[in-house]
Amino acid sequence: MKWKQAIISLLVILASAGLTLVMVLKPREILPVESPELIPSVQCVLAQAGMQRALLTSQGNLRSKNEITLSSQVDGVIVEMAETFAVGSVFEKGDVLLRIEKNHYEHAVAQAQGQLAAAELKLAQVEAEGEVAVRDWQVLKDMVELTPSPLMLKEPQINEARQSLAAAKASLRSAEFDLEKTIIRAPFTGKLLKKMMGTGQFVRRGEPLATMYESETFEVFLPITMRELGFLSSPAGKTAGKLSSAVEVDLFAEAGGQRWQWNALAKRLSASVEANTGVIFLIAELPRNMRQDQGNDEEMLEPLPGMYVEAEIRGKSWAESIVVPRSALGPEKKVGVVGSNDQVHLRDVEVGQLLGDQAILIGGIKDGERVVAMFREIPFDGAKVLPMMVENSVGP
């Protein structure tokens, strides 16, 4: 009986081992499973056509349009100096700044007046003598055949007297001019930059007295590249150094913890291109009337020579242009446009200007199209994408 139980146990073990071996060696059937299609999502902005204007940035230092060295027109000692004849003082056009000793010039005027009176008397006498000579000749011409000479009729004497009178008048005008110039007046409204003379000092004709500037109009030379020159709105006449129409310029200055703004106009360019840098200067002018139009004079910052300003230059405009993020622009001026079937296609565009984080497109995109905001998110041309519309923060 024991040997029968052993055989049965052995058979059970062999059957279990065989079944296990069959299960291990038999390949399992793998049922196919459909995996969902992976569609990448991309951020898109809506193209909105509108008027866009090129904007250039530059900087420079203000200067007065008219800065001069004031000189004396006569010799003499300075006997009086106005309070406004001081560095930083403001003066108005016509204000008396200096007085030069005038005694010598008053004497010269008196002498010239005496010479003029003598010349007038001399002319009157000679003209009277000439009239007598003419009457005498009228009496004698019927008695004798005689042709009167100019000398007989006092003509040379009269001409000489007239020339002497003209010279006397000129001498008087010169003396009066010198006397007038002993009072030195401000040629314009402005400020004194530097004083070179003082009371009691002797000055000679043509000697500099002070440097001053006119506060009526300031200007600033703004460097721009020759490429940026093409963005100006008035192409005609640029080669001649003159713009065919004025260019609007916004000037900004920092002072007193505030940022001040003036609106200026540029009407001309510098006469040459800087050889070292390759830039040309756009010259913007800031007249007094434009400063007054922007608010109360007492509340506005007064421009001063040498003041540093930043500038935004308003260039030409494009009527039907589209602004997109600069990140939407790829190599070779291409952008991705998502069609109605949510497929993205690469498209060539015409770029008007790249400015900061935006790109102004003037061709290649239509109003209402969906533009991929980040070019690097495009898998490939023709790819199926899941567009996610975002606000165009750089749009119009």
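Here, each number is a calculation from the coordinates, and none is a lab measurement. Predicted, not measured: the structure shown is a model, and the values here were computed from it. Quick reminder, even Gly has a Cβ in these numbers, built from the backbone with ideal geometry, and neighbours come from all protein chains shown.
Quick look at the numbers
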item	result
Karplus-derived HN-Hα couplings along the range 337-343 (A = 6.51, B = -1.76, C = 1.60, θ = phi - 60°), whole Hz, x at Gly and Pro	10, 8, x, 5, 8, 6, 9
FRET efficiency for LEU265 and ALA383, using Cβ-Cβ distance with R0 set to 45 Å, rounded to 0.05	0.35
Cut-off 14 Å between beta-carbons: net charge of the residues surrounding GLY278, Lys and Arg +1, Asp and Glu -1	-1
In the range 293-383, the GluC sites (Glu not before Pro) that fall in loop regions by DSSP, at most 16 other Cβ within 10 Å	GLU332
Net charge, GLN111 excluded, C-beta distance under 13 Å - Lys, Arg +1, Asp, Glu -1	-3
Nearest-0.05 FRET efficiency for ALA255 and VAL77, computed from C-beta distance (R0 35 Å)	0.25
Under 14 Å, Cβ to Cβ, from THR199 - net charge with Lys/Arg +1 and Asp/Glu -1	-1
Distance in nm between pseudo-label sites at GLU320 and ALA128 (7 Å out along the Cβ direction from Cα)	9.5 nm
Inter-label distance for ALA167 and ARG204, nm, one decimal - labels placed 7 Å from Cα along Cα-to-Cβ	2.8 nm
Backbone N under 14 Å from the SER340 label point (7 Å along Cα→Cβ), restricted to the range 354-396	369-370
Filter on LYS169/LYS194; LYS93/LYS316; LYS195/LYS267; LYS102/LYS191; LYS316/LYS384; LYS194/LYS316 - keep pairs with C-alpha separation over 31 Å	LYS169/LYS194; LYS93/LYS316; LYS195/LYS267; LYS316/LYS384; LYS194/LYS316
Sites SER89 and TYR308, calculated FRET efficiency, Cβ-Cβ separation with R0 25 Å, nearest 0.05	0.55
